[in-house]
1. Neighbouring Cβ atoms within 10 Å as the yardstick, rank SER94, SER35 fewest first.
2. Work through the residues other than THR29 whose Cβ is under 13 Å from its Cβ and net out their charges, Lys, Arg +1 and Asp, Glu -1.
3. Could you compute the net charge surrounding TYR210? Neighbours are other residues with a C-beta less than 11 Å from the C-beta of TYR210; K and R count +1, D and E count -1.
4. For ASP28, ASP129, which order do you get if you count the other beta carbons within 10 Å of each Cβ and list the fewest first?
5. Please state the shape class of region 17-163: rounded when a/c is under 1.5, otherwise prolate if a/b exceeds b/c and oblate if not, all from the C-alpha gyration tensor.
6. Dipole of the chain, Cα-centred, from +1 at each Lys and Arg C-beta and -1 at each Asp and Glu C-beta, to the nearest 20 debye?
7. Taking H as built 1.01 Å from N, whose amide H comes closer than 5 Å to the amide H of MET162, not counting residues under 5 places away?
8. Local charge sum around HIS171 (other residues, Cβ-Cβ under 13 Å, Lys/Arg +1, Asp/Glu -1)?
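A short reminder: the numbers here are calculations on the coordinates, not readings from a lab. These figures come from a predicted structure and were not determined experimentally. Please note: Cβ atoms are built from the backbone with ideal geometry, for glycine as well, and neighbour counts cover all protein chains shown.
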Amino acid sequence: MEICIFTIKKFMSIQTNLHQVLTTLPTDTRLVAISKTMTEETVMQAYNAGQRLFGENKVQEIIEKQPHLPKDIEWHFVGHLQRNKVKFIAPFVSMIHAVDSLRLLKEINKQGERNERIIYCLLQFHIADESTKFGLDMAEAEELLNELNKEPLPHIRLCGVMGMATFTEDHTQVRKEFKQLRTYFDYLKNTYFKDDDAFKEISMGLSGDYLIAVEEGATIVRIGSTIFGERNY
Ligand SMILES: *Cc1c(COP(=O)(O)O)cnc(C)c1O
């Protein structure tokens, strides 16, 4: 009985949190519910509240969860991805957010081909004032895109950019970094993807800063703890 009440309470709060977040988003901004460290049961509570797009950042975790969850979930992989692990997620993952090298992109293409799929990818840019965060700078991105022009990869589709702002209370700093990512997106769109309608995504913003990200033009936000509660690692 206690467990039952606890489960209902948790369900109500996940449902409430989810709807709270959705009411603050423009209708064309997509929400990736970041379910890392959450159980399948908890993911199902968001699913039953209507959420269909989920994201994970660890290969081991996503491949354990995915087979037990409904097949109409769209999975995004948002974490740093090692080339030797692409094969595990290629059969089902819809979008990979954190692509930061041509070698990784080629491996995703190869695994996409094996699975007879096209996998959507975003280029991750380094925008934070922290050395620990992964990502390209513009020179590296242009080098990658010039290589790609010579050798198209038919089983991947570049759909835009992704970035993580500095983890700080300083909103001015965070806003500046999101603006930077927006500038990168606009430049790439105009220079390389003018006629490619698929190149349209700016993935930025998480629980602590997504409202700023939305103001700066995010088309995809990645939100975990505001929906599911704090994580216990
Ligand atoms: C965990 C994670 C998020 C979500 O963070 P919250 O603060 O829980 O909203 C977003 N993006 C990436 C890449 C993450 O790893």
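1. SER94, SER35
2. Local net charge: -1.
3. Residues near TYR210 contribute -2 overall.
4. Ascending number of Cβ neighbours within 10 Å: ASP28, ASP129.
5. prolate
6. With only Lys, Arg, Asp and Glu charged at Cβ, the dipole is about 540 debye.
7. Counting only residues 5 or more places away or on other chains, the set is LEU123, GLN124, PHE125, SER203.
8. -3
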